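What follows draws every value from the coordinates through simple rules; no lab data is involved. All values derive from a computational prediction rather than experimental measurement. Virtual Cβ from ideal backbone geometry, glycine too; neighbours counted across all protein chains shown.
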Amino acid sequence: MAHTPTHPTNTDEPTIGRLVADASRDISTLISKEIELAKSELKVSVQAGGIGLAMFAAAGFVAVLAIIMLSVAIAYFIHWAGLGLHWSFLIVFAFYLLVAGLLAFIGIKKVKQVRAPQKAIHQGKEIPRALKGKA
């Protein structure tokens, strides 16, 4: 005699536990794929950024060489005007010291103006409250 169940079982409908497990697995997979995508995009961006940074460094180096040549030319122009060559180079040197001092003074004033990002800190403190539904 065959045993027939009194309640029909439907194997097509998953249980809540299985749905939660599937959703958890899918979210985990989605997050890992998003991380892989971000890594590959960052790799390309960092590579381009590195090349750009190297180009800026090379441009800066060439600009320094140009300033040195300009300095020598200015010193020779001053000498050509009738001043001794050693005094001409000292005048150019003193000018650059003056410019460096002025730039340092302005830089110090600007650095003293740096403050903590108050709005961002405030917003960051509001996130836990918003997640709790108190915002």
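Would you confirm whether or not the range 42-51 contains a residue that is on the phi > 0 side of the Ramachandran plot and either free of Cβ contacts under 8 Å to residues at least 24 places away in the same chain or exposed (fewer than 10 other Cβ atoms within 10 Å of the Cβ) (or both)? Steps first, please.
Step one: list which residues in the range 42-51 are on the phi > 0 side of the Ramachandran plot, which gives none.
Within the range 42-51, none of the residues are on the phi > 0 side of the Ramachandran plot and either free of Cβ contacts under 8 Å to residues at least 24 places away in the same chain or exposed (fewer than 10 other Cβ atoms within 10 Å of the Cβ) (or both).
Checking Pro14 against (1) exposed (fewer than 10 other Cβ atoms within 10 Å of the Cβ); (2) not in a helix (DSSP H, G or I), only one condition comes out false. Which one?
For Pro14, the exception is condition (1).
Starting from residues that are hydrophobic (A, V, I, L, M, F, W, C), out of contact with any Phe, Trp or Tyr (no Cβ under 8 Å at 6 or more places or on another chain) and surrounded by 13 or more Cβ atoms within 10 Å (Cβ to Cβ), keep the ones in the range 73-84 and report whichever is nearest to Ala94 (Cα to Cα).
First pass over the range 73-84, keeping only residues hydrophobic (A, V, I, L, M, F, W, C): 73-75, 77-78, 80-81, 83.
Cutting the leftovers down to out of contact with any Phe, Trp or Tyr (no Cβ under 8 Å at 6 or more places or on another chain) gives us 73-74, 77, 80-81, 83.
Checking the rest, the ones that are also surrounded by 13 or more Cβ atoms within 10 Å (Cβ to Cβ) come to 74, 83.
Values: Ile74: 13, Leu83: 15 Å.
So, considering only residues that are hydrophobic (A, V, I, L, M, F, W, C), out of contact with any Phe, Trp or Tyr (no Cβ under 8 Å at 6 or more places or on another chain) and surrounded by 13 or more Cβ atoms within 10 Å (Cβ to Cβ), the one nearest to Ala94 (Cα to Cα) is Ile74.
Would you confirm whether or not the range 75-93 contains a residue that is free of Cβ contacts under 8 Å to residues at least 24 places away in the same chain, hydrophobic (A, V, I, L, M, F, W, C) and not in a helix (DSSP H, G or I)?
Step one: of the range 75-93, the residues free of Cβ contacts under 8 Å to residues at least 24 places away in the same chain are 75-93.
If we keep only those that are hydrophobic (A, V, I, L, M, F, W, C) too, we end up with 75, 77-78, 80-81, 83, 85, 87, 89-93.
Next, from what is left, pick out any that are not in a helix (DSSP H, G or I): 81, 83.
Yes, some residue in the range 75-93 is free of Cβ contacts under 8 Å to residues at least 24 places away in the same chain, hydrophobic (A, V, I, L, M, F, W, C) and not in a helix (DSSP H, G or I).
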